Amino acid sequence: MAQEVRGVVARGKGEPVRVETIVVPDPGPGEAVVKIQACGVCHTDLHYREGGITDDFPFLLGHEAAGVVESVGEGVTEVAPGDFVILNWRAVCGQCRACRRGRPWYCFDTHNAAQRMTLADGTGLTAALGIGAFADKTLVHAGQCTKVDPAASPAVAGLLGCGVMAGLGAALNTGNVQRGDTVAVIGCGGVGGAAVMGANLAGASRVIAVDVDGRKLETARKLGATHTVDSRSADPVEAVRELTGGFGADVVIDAVGVPETYRQAFYARDLAGTVVLVGVPTPEMKLELPLLDVFGRGGALKSSWYGDCLPSRDFPMLIDLYLQGRLDLDAFVTETIGLDAVEEAFDRMHAGDVLRSVVLL
């Protein structure tokens, strides 16, 4: 039987979000209803509210979440009611050309629930990233549920569902940081901070954090940065080169995603080094680089989609590291809030006052 629960809805471009009654249907074949316990406030949710993703309003926001499976539909075998899960927005299909080539983290046909949740009047909702987890309960494809150790705090487990996984994966998976590598991270918010932590976890000899905000640089130190560069007062390219013997870093991660920072990343890397773009550009942005420099510097220019993660592989492993005290995910939780405080959390996030606000339900 369909259930009425609370959810945070964005009705129009730029309009303040509000808590409304939403209707969650019973799970159909391949689907699951999850009782949400915690959901992080991510920049992507703000992009949805601002119409920067699609214009398919109204949106049910929230996607960086953990909770407990309440019920499952026909044919679901990977999770069962009572399982503690992290939700993911790239549920691999197993059949597309990427999956068949053994690269499921690039899956080109990821799954979402077939049914739509609605407002109380029957208006269909677009769930953010196919999840919609600023709600007491949500309907997802069962493949979007990754079972992990229930000993983990929901407030930190959910962060692996998006931003923290994106940053960790940019270093560990896409950048393939090796022991002894030098790494620079440009932009040290939640995603960049996680990239700093990932580089440190991989055994990088130097992790250089670059930002214009002294507060974020201080936090980056706590997350594992060995050096910091305030790019308001120093040229980040020259500073990174100076800190790496004049050569540049082996891996440079751009966690901002604008043409200026990408150019900085490109020139701050060593010859044959790697640039990883994990910050998300907007559609109108253009990049101009001398093609001879692209050829002459060699190396790799990569984009990191969701940290090139495979949730079934990476989420349980990272939760185990967290429970062993080897991955300080608690450091990313700046504050916990209620469902009715998401709009104010957007303001604090936009001002750079928090790494993550986390809604507890």
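Subtracting the Cα-Cα distance of Ile337 and Glu284 from 0.36 nm times their residue separation leaves 15.7 nm of extension gain. Computed about the Cα centre, the dipole magnitude for the stretch 28-90 is approximately 140 debye when only Lys and Arg (+1) and Asp and Glu (-1) carry charge, each at its Cβ. Of all the options Gly193, Gly28, Gly52, the one that moves most in a Gaussian network model of the chain with Cα springs shorter than 10 angstrom is Gly52. Using the Stokes-Einstein relation with a Kirkwood hydrodynamic radius computed over Cα pairs, the translational diffusion coefficient of the stretch 1-129 at 4 °C and a viscosity of 1.567 mPa s comes to 82 µm²/s. Under a 5 Å amide H cut-off, with hydrogens placed 1.01 Å from N, Arg90 pairs with nothing among residues at least 5 apart or on other chains. Of the residues Ile36, Leu318, Gly67, the one whose Cα sits farthest towards the positive end of the charge dipole of the chain is Leu318 (charges of +1 on Lys and Arg Cβ, -1 on Asp and Glu Cβ, taken about the Cα centre). Over all other residues within a Cβ to Cβ distance under 15 Å of Thr146, the charged ones net out to -3, with Lys and Arg as +1 and Asp and Glu as -1.
Considering only beta bridges that DSSP places wholly inside the chain, some 55 percent are antiparallel.
Local charge for Leu323 was computed over the other residues whose Cβ lies under 13 Å away, with Lys and Arg +1 and Asp and Glu -1, and equals -3. With each label modelled as a point 7 angstrom along the Cα→C-beta vector, the Ser205-Val294 pair spans 3.1 nm.
Using C-alpha pairs under 8 Å with a sequence gap of at least 6, the mean separation divided by the residue count of the stretch 4-48 gives a relative contact order of 28 percent. The listed peptides 313-325, 58-70, ordered by packing as a protection proxy, come out as 58-70, 313-325 (highest mean of other Cβ atoms within 10 Å first).
Based on protein heavy atoms only, the stretch 290-359 ends up with 49 Å² per residue of surface accessible to a 1.4 Å probe. Counting only lysines at least 8 places from Lys35 when in the same chain, those with an alpha carbon closer than 22 Å to its own are Lys137, Lys147.
Think of each Lys and Arg Cβ as +1 and each Asp and Glu Cβ as -1; about the Cα centre, that makes the dipole of the stretch 1-155 roughly 520 debye.
Placing a pseudo-label 7 Å from each Cα along the Cα-to-Cβ vector at Cys96 and Asn176 gives an inter-label distance of 2.2 nm.
Would you please give the FRET efficiency between Glu4 and Glu344, computed as 1/(1 + (r/R0)^6) with r the Cβ-Cβ distance and R0 = 30 Å, to the nearest 0.05? Using R0 = 30 Å, I get an efficiency of 0.75. If only the Cβ of Lys and Arg carry +1 and only the Cβ of Asp and Glu carry -1, the dipole of the chain around its Cα centre is close to 920 debye. What FRET efficiency, computed as 1/(1 + (r/R0)^6) with R0 = 35 Å and r the Cβ-Cβ distance, is obtained for Asp353 and Ala151, rounded to the nearest 0.05? With a Förster radius of 35 Å, E is 0.70. Under 5 Å between amide hydrogens, built in the peptide plane, is the criterion, and for Phe57 it picks out nothing among residues at least 5 positions away or on other chains. Backbone phi angles across the stretch 68-83, fed through the Karplus curve with coefficients 6.51, -1.76 and 1.60 (θ = phi - 60°), yield HN-Hα couplings of 10, 5, 9, 7, 10, x, 4, x, 7, 10, 6, 9, 9, x, x, 6 Hz in residue order; Gly and Pro are listed as x. Candidates (i) 31, 57, 12, 0; (ii) 21, 38, 34, 7, 0; (iii) 26, 52, 14, 6, 1, 0; which is the computed P(r) over Cα pairs in 20 Å bins from 0, in percent? Correct label is (i). For Ser205, the accessible area of its heavy atoms, probed at 1.4 Å with every protein chain present, is near 70 square angstrom.
Zone of Val68 (label point 7 Å along Cα→Cβ, backbone N under 15 Å): which residues in the stretch 106-142? Inside the label zone: 136-138. Here the Kirkwood formula puts the hydrodynamic radius of the stretch 153-229 at 12.0 Å, using every distinct Cα pair. Which ³J(HN,Hα) values, rounded to whole Hz and listed in residue order, are derived for the stretch 23-40 from phi using the Karplus coefficients 6.51, -1.76 and 1.60 in 6.51 cos²θ - 1.76 cosθ + 1.60 with θ = phi - 60°, glycine and proline given as x? Couplings: 10, 10, x, 4, x, x, x, x, 10, 9, 9, 10, 7, 6, 9, 7, 8, x Hz.
Between Gln115 and Arg18, the modelled label-to-label distance comes to 2.7 nm, taking each label 7 Å out from Cα in the direction of the beta carbon.
Stokes-Einstein at 4 °C, 1.567 mPa s, Kirkwood radius from Cα pairs: D for the stretch 226-361 in µm² s⁻¹? Taking Rh from Cα pairs, D becomes 73 µm²/s. With the helix formula -39500 (n - 2.57) applied to DSSP H stretches of n ≥ 4, the chain reaches a computed 222 nm mean residue ellipticity of -7000 deg cm²/dmol.
Normalised per residue, the accessible area of the stretch 40-151 is 41 Å², obtained with a 1.4 Å probe and no contribution from ligands, DNA or RNA.
The local environment of Glu70, defined by Cβ-Cβ distances under 11 Å, has a net charge of -1 under the rule Lys, Arg +1 and Asp, Glu -1.
Surface composition of the stretch 237-361: carbon plus sulfur atoms hold 55% of the accessible area, using a 1.4 angstrom probe and ignoring ligands, DNA and RNA. Of the accessible area of the stretch 55-171, with the probe set at 1.4 angstrom, what percent is carbon plus sulfur? Reported share for carbon and sulfur atoms: 47 percent.
The values are calculated or read from the model by the stated rules, or taken from the named source; none is laboratory data. What you see is a predicted model, and the numbers here were worked out from it, not measured in a lab. As a convention, Cβ positions derive from the backbone with ideal geometry for all residues, glycine included, and neighbour counts pool all protein chains shown. Remember, those area values only see protein heavy atoms, side chains included, never the ligands or the DNA or RNA. Shrake-Rupley method; radii C 1.70, N 1.55, O 1.52, S 1.80 Å.
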